[in-house]
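The values are calculated or read from the model by the stated rules, or taken from the named source; none is laboratory data. All values derive from a computational prediction rather than experimental measurement. As a convention, Cβ positions derive from the backbone with ideal geometry for all residues, glycine included, and neighbour counts pool all protein chains shown.
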Amino acid sequence: METFLVGGAVRDRLLGRPVRERDYVVVGATPEALRDQGFRPVGRDFPVFLHPQTHAEYALARTERKTAPGYRGFAFDATPDVTLEEDLERRDLTINAMAEAPDGRLIDPFGGYRDLEARTLRHVSPAFAEDPVRLLRVARFAAQLAPFGFTIAAETQDLLRQLVVSGEVDALVPERVWAECEKALKSPAPVRFFEVLRAVGALDVLFPEVARLFGIPQPPKYHPEIDTGVHTFLVLDQATRLSDAPEVRFAALVHDLGKGTTPAEILPAHHGHEERGVALIRDLSERLRVPNRYRDLAIKVARYHGRVHRVFELRPATLLKLLEGIDGLRRPEGLEPFLQAVEADKRGRTGLEDHPYPQADAVRQALQAARTISAEALLQQGLQGPALGEALRRERIRAIAALGLQQRRTVADG
């Protein structure tokens with residue numbers, strides 16, 4: 001029985017990245033032999049075990065054979081005579097098909113180190129095109145490794161397109177699509193994930209609401225980039241600059257989905273796109289099983305981002321309605337993620353990437369002013385029920401009005 005460190009731990013060590021997880025392959029063993037040593041089985045489809053002390057994953061060396069469409073349509077062989085090279089050959093990319101022996105020796109039968117040095121994402125074998133999950137993984141690796149300048153080999157890009165054309169991508173389950181998407185949203189360059197999907201035709205299949213934004217015009221006065229899809233990717237880039245939170249980045253990605261369904265006769269205007277976008281976000285979130293915290297922030301941003309942009313034109317009563325709409329009075333901790341996504345929208349326009357955004361500070365000040373008004377003082381005056389609610393609202397409007405935000409409009413316009 002021999003044990004080798006494999007996959008991401010080897011790749012990341014060679015790249016100089018932190019190694020967060022260590023996975024091992026065991027050659028020449030049986031499930032019984034590992035259980036006898038105290039390893040705990042966790043694999044459902046093939047033998048994977050957790051080390052009794054470190055809890056690292058140890059998998060028996062295995063091969064796989066395609067038996068049906070989809071990423072679950074495989075038969076596995078994990079008998080003791082499967083070699084390390086055979087196990088590595090079934091992996092997706094050459095940079096993930098390297099192993100390290102206990103003595104530190106690098107085992108690299110498919111040129112992973114060469115591709116690592118060349119910053120190339122390249123498939124190991126033609127069997128790559130049998131598993132649609134690999135398309136998502138390549139897109140995600142492109143996002144995670146973007147700071148290193150990785151590109152996708154042309155022949156690998158062809159296989160990604162083949163996965164789309166063959167219909168294999170249609171078999172992906174929503175949970176797996178979202179899992180890879182969420183990892184990409186946490187990466188240094190989430191936009192690369194979606195750029196790769198679009199380049200090979202998978203964006204139309206997996207995120208059709210985003211794909212249809214490309215080619216939709218916007219008024220050049222407000223959007224020098226004109227194309228709504230281009231704007232969306234610029235906004236995602238800006239959200240990445242402004243926040244590490246994947247929820248903020250997701251909200252940036254989907255904030256303008258409603259523009260994809262604007263009637264052609266009113267283009268390039270997009271009246272009513274906010275509420276149309278809310279419905280599309282709900283549909284997308286339900287289809288992909290997107291967690292509620294992502295969906296709820298995205299809906300707030302889609303519905304209210306335009307009002308924040310016009311905050312210096314809003315009457316104090318309307319501004320209070322905005323604060324109530326985003327639930328800022330009850331949950332003020334949600335204001336910053338909301339404003340980060342909205343600011344990303346304003347900056348995600350050609351030539352405006354570093355433009356100041358005083359509207360965000362105005363909303364912060366308005367919320368702070370409104371929250372200084374408490375119900376206790378009004379209760380002491382004997383107010384109750386509807387009268388208390390109306391007085392609270394009136395005092396909050398007065399506090400917001402005292403800020404004089406409308407007088408700052410020329411500053412924002414400049």
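Which one of 349, 315 is in the same structural domain as residue 235 (by TED's automatic domain parsing), closer than 16 Å to residue 222 by Cα and either of a type outside the set (Asp, Glu) or surrounded by fewer than 19 Cβ atoms within 10 Å (Cβ to Cβ) (or both)?
Unique residue meeting the criteria: 349.
Six or more apart or on different chains, Cβ under 8 Å: which pairs go from a residue in segment 150-171 that's within 16 Å of residue 195 (Cβ to Cβ) to one that's surrounded by fewer than 14 Cβ atoms within 10 Å (Cβ to Cβ)? Could you list them?
Correct list of pairs: 150/119; 151/119.
Listed here are the residues, each with its yes/no results for (1) free of Cβ contacts under 8 Å to residues at least 24 places away in the same chain; (2) surrounded by fewer than 22 Cβ atoms within 10 Å (Cβ to Cβ); (3) hydroxyl-bearing (Ser, Thr, Tyr); (4) within 29 Å of residue 121 (Cα to Cα).
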residue: 195; (1), (2), (3), (4): no, yes, no, yes
residue: 227; (1), (2), (3), (4): yes, yes, no, no
residue: 249; (1), (2), (3), (4): no, no, no, yes
residue: 255; (1), (2), (3), (4): no, no, no, no
residue: 266; (1), (2), (3), (4): yes, yes, no, no
residue: 270; (1), (2), (3), (4): no, no, no, no
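Are any of the residues in segment 322-329 surrounded by fewer than 14 Cβ atoms within 10 Å (Cβ to Cβ) and at pLDDT 95 or above?
yes
Given segment 1-91, what strands (runs of 3 or more DSSP E) lie entirely inside it while holding 2 or more residues that are at pLDDT below 85 and surrounded by 13 or more Cβ atoms within 10 Å (Cβ to Cβ)?
Working: elements: 2-6, 23-27, 48-50, 57-60, 63-66, 74-77.
In segment 1-91, the matching strands (runs of 3 or more DSSP E) lie at 63-66, 74-77.
Each row is one residue, and each column tells you yes or no for (1) at pLDDT below 95; (2) assigned to a helix (DSSP H, G or I); (3) over 25 Å from residue 280 (Cβ atoms).
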| position | (1), (2), (3) |
| --- | --- |
| 137 | no, yes, yes |
| 155 | no, yes, yes |
| 160 | no, yes, yes |
| 179 | no, yes, no |
| 188 | no, no, yes |
| 197 | no, yes, no |
| 231 | no, yes, no |
| 238 | no, yes, no |
| 241 | no, yes, yes |
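For residue 367, are the conditions met, namely being crowded, with 16+ Cβ neighbours inside 10 Å and at pLDDT 95 or above?
Answer is yes for this residue.
I need a count of the residues in segment 136-149 that are without any contact (Cβ under 8 Å) to a residue 40 or more places away in the chain and either aromatic (Phe, Trp, Tyr) or under 14 Å from residue 202 (Cα atoms) (or both).
The qualifying residues number 0.
Can you tell me which residue is farthest from the chain's Cα centre (by Cα) among those in segment 154-179 that are acidic (Asp, Glu) and over 12 Å from residue 134 (Cα atoms)?
If we take residues in segment 154-179 being acidic (Asp, Glu) and over 12 Å from residue 134 (Cα atoms), then 155 is farthest from the chain's Cα centre (by Cα).
Return the pairs, sorted by first residue and then second, in which the second residue is part of a loop (DSSP other than H, G, I, E, B), the first residue lies in segment 306-319 and is of a type in the set (D, E, K, R), the beta carbons are less than 7 Å apart, and the residues are 6+ apart or on different chains.
Once the first residue is of a type in the set (D, E, K, R) and sits in segment 306-319, its partners that are part of a loop (DSSP other than H, G, I, E, B) give 307/314.
Of (1) more than 23 Å from the chain's Cα centre (by Cα); (2) buried (at least 21 other Cβ atoms within 10 Å of the Cβ), residue 339 satisfies all except one. Which?
Of (1) more than 23 Å from the chain's Cα centre (by Cα); (2) buried (at least 21 other Cβ atoms within 10 Å of the Cβ), only one is false for residue 339: (1).
How many of the residues making up segment 199-220 are among the charged types (D, E, K, R) and in a loop (DSSP other than H, G, I, E, B)?
Looking only at that region, the number is 1.
Among the residues of segment 343-372 satisfying the criterion of being under 24 Å from the mean Cα position of the chain (by Cα) and outside any helix (DSSP H, G or I), which is nearest to residue 300 (Cα to Cα)? Show your work before the answer.
Taking segment 343-372 first, the residues under 24 Å from the mean Cα position of the chain (by Cα) are 343-350, 352-354, 360.
Then drop every residue that is not outside any helix (DSSP H, G or I), which leaves 348-350, 352-354.
Values: 348: 18, 349: 21, 350: 24, 352: 23, 353: 23, 354: 24 Å.
Per the criteria, the residue is 348.
How many of the residues making up segment 254-276 are more than 13 Å from residue 228 (Cα to Cα), small (Gly, Ala, Ser) and not in a loop (DSSP other than H, G, I, E, B)?
1
List, please: which pairs have Cβ atoms under 6 Å, are six or more places apart or on different chains, and start with a residue in segment 351-371 that is touching a residue at least 60 places away in the same chain (Cβ under 8 Å) and end with one that is of a type outside the set (Ser, Thr, Tyr)?
The qualifying pairs are 351/224; 353/347.
Got a number for residues in segment 358-387 being of a type in the set (D, E, K, R) and farther than 19 Å from residue 321 by Cβ? I'd like the intermediate steps shown before the answer.
Start the filter on segment 358-387 by keeping residues that are of a type in the set (D, E, K, R), which leaves 361, 364, 371, 376.
Filter once more, so that each one left must be farther than 19 Å from residue 321 by Cβ: 361, 376.
Summing the residues that are of a type in the set (D, E, K, R) and farther than 19 Å from residue 321 by Cβ in segment 358-387 gives 2.
Has segment 315-326 got any residue that is part of a loop (DSSP other than H, G, I, E, B), charged (D, E, K, R) and more than 28 Å from residue 280 (Cβ to Cβ)?
Checking segment 315-326: at least one residue is part of a loop (DSSP other than H, G, I, E, B), charged (D, E, K, R) and more than 28 Å from residue 280 (Cβ to Cβ).
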